[in-house]
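Q: One structure is given below, represented as structure tokens, and several questions about it will come after.
No value in this document is a laboratory result; all are computed from the given coordinates. Remember, it's a predicted structure, so these values are computed and weren't measured experimentally.
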């Protein structure tokens, strides 16, 4: 019998100060922007939401439990590499990802020109054909912290199966 589970994830990071010189990394890709996101790792808000969705669907907690920001081993960590570890944890337990949908929430940057590159980088790490990973963005119509340009948020939904 095949078992299906749905997971959802959400993450937020504030923008770092320009003088920090952090690159903006989204879905494993460096995106041209005047500021990167602040965080212990590379602060890839989209991959963090995706990992939380995957871990939640499999009943494995959240990324804070697996990759705590108090652990120096994850300082500046590449979130795409952390995603590979999450995928390994799911695979060891017999789970396979069916599809995923990841949405960036913020006014800027616009990611339209980068969506295919993001998808093409991350889909293989998840064992997915490109059309099973959707990457999109929305604004908050200039409302809230994302509307004011203070940071970015992301949400993700996944379907996994075992059996």
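Q: Would you mind checking the tilt of helix 45-57 against the longest principal axis of the Cα atoms of the chain, expressed as 0 to 90 degrees and rounded to 10?
A: So the inclination is approximately 20 degrees.
Q: While we're here: Would you mind computing Rg(Cα) / (2.2 N^0.38 Å) for the chain, counting N as its residues? List each step's numbers first, then the result.
A: Values: Rg = 15.3 Å, N = 163, 2.2 N^0.38 = 15.2 Å.
Rounded to two decimals, the normalised Rg is 1.00.
Q: log10 I(q)/I(0), Debye, Cα-only segment 89-157, no solvent, q = 0.11, 0.12, 0.18, 0.29 Å⁻¹?
A: -0.33, -0.39, -0.73, -1.22
Q: How high is the relative contact order of segment 3-162, in percent, with contacts defined as C-alpha pairs under 8 Å that are six or more residues apart? Before the final figure, lay out each step's value.
A: Details: 349 pairs, mean separation 54.1, N = 160.
For segment 3-162, the relative contact order is 34 percent.
Q: Helix 115-125: angle to the longest alpha-carbon principal axis of the chain, degrees 0 to 90, nearest 10?
A: 40 degrees
Q: For the chain, modelled as a GNM with alpha-carbon contacts under 10 angstrom, which of 131, 52, 71 fluctuates the most?
A: 71
Q: Just report the Cα centroid separation between segment 113-134 and segment 1-21, whole Å.
A: Result: 16 Å between the Cα centres.
Q: 222 nm [θ] for the chain, helices only, -39500 (n - 2.57) per DSSP H run of 4+, per residue, to 500?
A: -8000 deg cm²/dmol
Q: Pairing the Cα long axis of helix 79-92 with the longest principal axis of the chain, what angle in degrees results, from 0 to 90 and rounded to the nearest 10?
A: Its long axis makes an angle of about 10 degrees.
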